[in-house]
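> Below: one structure in structure tokens.
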Amino acid sequence: MKQHFYINFLKRAIWFILIFGLKLGSADAQEGEMIIAQPQYIKDEFVFTEAPFESCHAATIVDAGDGHLIAAWFAGKHEGNADVGIWVSHHMGDFWSAPIEVAAGADSLGQPTACWNPVLFKSRAGKLFLHYKVGKSPREWWAEVIVSDDKGSTWSKPKKLPENMLGPIKNKPLQLANGDILYPSSTESIDDKKWRIHLEKSDSLGNNWKRIAIDNNNFNAIQPSILSYKDNRLQLLARSRNNKIVSSWSYDNGKNWTALDPTHLPNPNSGSDAVTLSNGLQLLVYNPLLAGKNWWEGRSVLKLASSTDGINWEEVHTLEEKEKGEYSYPAIIQSADGFIHMVYTYDRKCIKYIKFKP
């Protein structure tokens with residue numbers, strides 16, 4: 001029993017060291033001493049406090065380089081309304097810039113149409129991509145993208161992706177060692193009302209698209225995120241209607257994938273996001289509750305979990321815990337300087353930003 005206790009204690013100590021930047025030793029410490037700092041955020045703030053829209057959702061964030069962060073989200077009167085566009089804000093010092101709309105949707109007749117789910121991504125060559133969807137609903141939308149070569153100061157005109165390609169549905173792509181870009185994607189069918197995840201791949205310039213199928217194994221799943229491991233192993237973690245986050249694995253750098261299986265992590269039919277840190281640790285941000293009668297139930301608690309193998313996950317921090325409200329659709333990245341950044345929906349009224357010291 002004593003051995004079991006000490007092993008568990010040691011495991012928890014290691015988790016805190018990895019996640020919250022606890023330090024072993026210092027210039028003033030004797031060899032073998034452990035100096036432990038209290039877990040704390042460096043930044044815990046709203047991206048904006050005033051904005052010319054009533055509702056916002058589905059934030060994304062990217063490291064543009066040299067301490068420059070960009071966040072984006074969709075906003076308007078309410079989700080799905082024709083006035084909903086893609087808005088961005090820049091962080092280049094101590095504060096976020098005022099939100100600016102950079103993309104608006106229009107149908108084939110030029111009539112205003114809602115935008116959805118922006119995803120920011122910077123390629124290794126430095127090109128910045130902003131993917132998003134346009135349409136009346138997720139069952140009818142199509143994919144568009146704008147690009148920037150000046151860290152989001154200016155953007156290209158919108159371009160539709162090739163037919164039957166949707167790009168990243170909610171979470172960031174992964175650029176492979178050969179330069180190809182892998183996009184976590186999914187569809188919501190009108191015909192059979194099924195949710196299905198898949199992947200898409202392009203070259204490093206965002207051209208030459210290809211679709212990669214996944215056996216969904218009778219799960220209704222959407223909005224996957226991608227994690228990477230040694231030996232070219234990749235993992236998908238996805239939202240589902242089945243009260244569990246579901247998972248798929250690739251052992252050949254994304255060419256083939258295993259059938260979906262449930263993890264032990266609960267999911268209330270709500271989006272999550274995950275990131276592989278530079279030290280190999282995996283982080284997941286998610287709502288750890290079960291689904292309610294309505295789609296928005298189960299989103300009042302938001303937590304951070306960590307894992308080394310993608311199978312065994314441990315909750316390490318609570319970001320939000322309230323009886324009511326929606327704290328959901330997180331995005332998480334690690335910037336080039338090692339810091340961890342998160343953005344998420346704060347009750348549909350604002351976007352919350354959190355920064356951890358690594």
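> Sorted by average packing, counted as other Cβ atoms within 10 angstrom per residue and highest first, what order do 188-194, 265-271, 158-164, 43-49 take?
Details: 188-194: 10.4, 265-271: 22.6, 158-164: 13.1, 43-49: 15.7.
My ranking of the peptides, most packed first, is 265-271, 43-49, 158-164, 188-194.
> Still on this structure, I have one more. Identify which of the listed values of volume of the Cα convex hull per residue in Å³ was calculated from the structure shown: (i) 128; (ii) 146; (iii) 163.
(iii)
> Under 14 Å from the 7 Å Cα→Cβ point of residue 78, by amide nitrogen: which residues of segment 333-358?
348-349
> Counting Lys and Arg as +1 and Asp and Glu as -1, each charge on the Cβ, what is the dipole of the chain about the Cα centre in debye, to the nearest 20?
Details: 40 positive and 40 negative charges, 132 e Å.
With Lys and Arg at +1 and Asp and Glu at -1, about 640 debye.
> With angles folded into 0 to 90 degrees, how steeply does helix 2-20 sit against the dominant principal axis of the chain? Use alpha carbons for both and round to 10.
For helix 2-20, the angle is close to 50 degrees.
> Sticking with this one: For segment 220-316, what % of the accessible area comes from carbon and sulfur atoms, probe 1.4 Å? Provide the component values of the computation, followed by the final result.
Numbers: 1760 of 3700 Å².
The C+S portion of the solvent-accessible surface of segment 220-316 is 48 percent.
> When every alpha-carbon pair in segment 177-294 is counted, what percent end up more than 24 Å apart? Intermediate values should be presented prior to the final figure.
On the way: 1743 of 6903 pairs.
So the pairs more than 24 Å apart make up 25 percent of the total in segment 177-294.
> Can you pick out the pairs among 127/157; 43/244; 172/230; 170/210; 160/210 whose Cα atoms lie more than 23 Å from each other? All intermediate terms of the calculation are to be shown ahead of the outcome.
Working: 127/157 15 Å; 43/244 31 Å; 172/230 20 Å; 170/210 18 Å; 160/210 15 Å.
Flagged as over cut-off: 43/244.
> Related question: Can you tell me the dipole magnitude for segment 123-237 around its Cα centre, using point charges on the Cβ only (Lys, Arg +1; Asp, Glu -1), in Debye to the nearest 20?
Details: 19 positive and 13 negative charges, 39 e Å.
Once rounded to the nearest 20, the dipole reads 180 debye.
> Relative contact order for segment 162-316: what percent, with Cα pairs under 8 Å and sequence separation of 6 or more? Walk me through the numbers on the way to the answer.
Numbers: 390 pairs, mean separation 22.1, N = 155.
So the answer I get is 14 percent.
> Rank-order 127-137, 290-300 by packing density, defined as the average count of other C-beta atoms within 10 Å over each peptide's residues, highest first. List each step's numbers first, then the result.
Numbers: 127-137: 20.8, 290-300: 15.3.
Descending mean neighbour count gives 127-137, 290-300.
> OK, next. Of all accessible surface on segment 31-156 at a 1.4 Å probe, what whole percent is carbon and sulfur?
On the way: 3080 of 6060 Å².
Its accessible area is 51 percent carbon and sulfur atoms.
> Taking a ≥ b ≥ c as the square roots of the eigenvalues of the Cα gyration tensor of segment 189-254, is the shape rounded (a/c under 1.5), prolate (a/b larger than b/c) or oblate? Write down the numbers at each step before the final one.
Numbers: a/c = 2.45, a/b = 1.32, b/c = 1.86.
Oblate, since a/c reaches 1.5 and b/c is not below a/b.
> Sort 247-255, 346-354, 308-316 by the packing proxy (mean of other Cβ within 10 Å over each peptide's residues), most packed first. Mind dumping the intermediate values first?
On the way: 247-255: 17.2, 346-354: 20.0, 308-316: 14.9.
Ranked from most to least packed, the peptides come out as 346-354, 247-255, 308-316.
> Find the accessible area per residue for the chain; the probe is 1.4 Å, ligands and nucleic acids are left out, and the unit is Å². Mind showing how you got there, number by number?
Numbers: 17370 Å² over 358 residues.
That works out to 49 Å² for each residue.
> Highest GNM mean-square fluctuation, the chain, Cα pairs closer than 10 Å: which of 169, 100, 197?
Highest fluctuation among the options: 100.
The values are calculated or read from the model by the stated rules, or taken from the named source; none is laboratory data. Quick caveat: nothing in here was measured; it's all calculated off a predicted structure. As a convention, Cβ positions derive from the backbone with ideal geometry for all residues, glycine included, and neighbour counts pool all protein chains shown. We work out accessible area using only protein heavy atoms, side chains counted, and drop any ligands, DNA or RNA first. Shrake-Rupley method; radii C 1.70, N 1.55, O 1.52, S 1.80 Å.
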